[in-house]
Amino acid sequence: LAITDAEWEATLTELTVTMVLGAAALPHLIAAAPSTIVTVSSVNAFLPDPGVIDYCAAKAALSNFCKALSKEVGPRGVRVNTVSPGPVETDLWLGDQGVAATVGGANNLDPRAVVERAAAGTSTGRFSRPDEVADLVVLLAGSRGANITGSDILIDGGLVQTL
């Protein structure tokens, strides 16, 4: 109930832009095959959180879209994969308007306590770094990942216990 129509529309616009750009790129990717698409989703695609219900719904749709697309264009030489990070050391989590500050403010907690609690939920005890997520994207986009397609790969420090 807390999500406004404008927030819902903005979040779904991000999903729509990804699909529109993919559709525009596909003829070129098919012509240049072998080629690849890597999208960034989130663990929230399958760990729903009512506090960000619009984000969860959009990421679930993105992950599903990419899986279906991989089946459609794989035979034409285009691999499609998704990377689903858990918490990452970025402004989305750590910024003044980020998740930690928002959750902290709503629950009368110091944002650092929110970060510590989130990190404690992982097996590694920390957030992923942006370069670790980028390295995974590069692996999937390159020839070393040439037989990986239709995958949604977690980089979450063990946050998700089971799928």
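The values are calculated or read from the model by the stated rules, or taken from the named source; none is laboratory data. Note that the coordinates shown come from a computational prediction; the quantities given were computed from them, not determined experimentally. No Cβ is skipped: glycine too gets one built from the backbone with ideal geometry, and neighbour counts run over all protein chains shown. We work out accessible area using only protein heavy atoms, side chains counted, and drop any ligands, DNA or RNA first. Shrake-Rupley method; radii C 1.70, N 1.55, O 1.52, S 1.80 Å.
Assign unit charges at the C-beta atoms only (+1 for Lys and Arg, -1 for Asp and Glu), then state the dipole size of segment 1-145 relative to its Cα centre in Debye, rounded to the nearest 20.
It comes to approximately 760 debye.
Put a dot 7 Å past each Cα toward the Cβ at N108 and T124; how far apart are the dots in nm?
3.5
What do you get for the angle between helix 111-120 and the principal long axis of the chain? Use alpha-carbon atoms, 0 to 90 degrees, nearest ten.
On a 0 to 90 degree scale, this one is about 60.
To the nearest 10 degrees, how steeply does helix 130-141 sit against the main Cα axis of the chain, on a 0 to 90 scale?
20
Any idea what % of Cα-Cα pairs in segment 1-91 are farther than 18 Å?
The calculated P(r) of segment 1-91 puts 50 percent of pairs beyond 18 Å.
Over the chain, what relative contact order in percent results from Cα pairs under 8 Å that are six or more residues apart?
25
Once label points are set 7 Å from the Cα along Cα→Cβ at both A146 and A31, what is their separation, rounded to one decimal in nm?
The two pseudo-label positions are separated by 2.4 nm.
Compute the long axis of helix 5-31 from its Cα atoms, compare it with the longest principal axis of the Cα atoms of the chain, and write down the angle in degrees, 0 to 90, nearest 10.
Value to nearest ten degrees: 20.
So who's got an amide H within less than 5 Å of the one on R79, skipping anything under 5 residues away but keeping other chains? H placed 1.01 Å off N, in plane.
Correct list: S35, T36, I37.
Using label points projected 7 Å from each Cα along Cα→Cβ, tell me how many nm separate T4 and E116, to one decimal.
So the two model labels end up 3.5 nm from each other.
Leaving out ligands, DNA and RNA, what percent of the accessible area of segment 45-124 is carbon and sulfur, probe 1.4 Å?
Roughly 55 percent, rounded to a whole number.
Provide the per residue accessible area, probe 1.4 Å, for the chain, rounded to a whole number of square angstrom.
59
What are the ³J(HN,Hα) values, in whole Hz, obtained from phi via the Karplus relation 6.51 cos²θ - 1.76 cosθ + 1.60 with θ = phi - 60°, for each residue of segment 89-100 in sequence order, with x given for Gly and Pro?
Values per residue, Gly and Pro as x: 5, 9, 5, 4, 9, 9, x, 4, 10, x, 4, 4 Hz.
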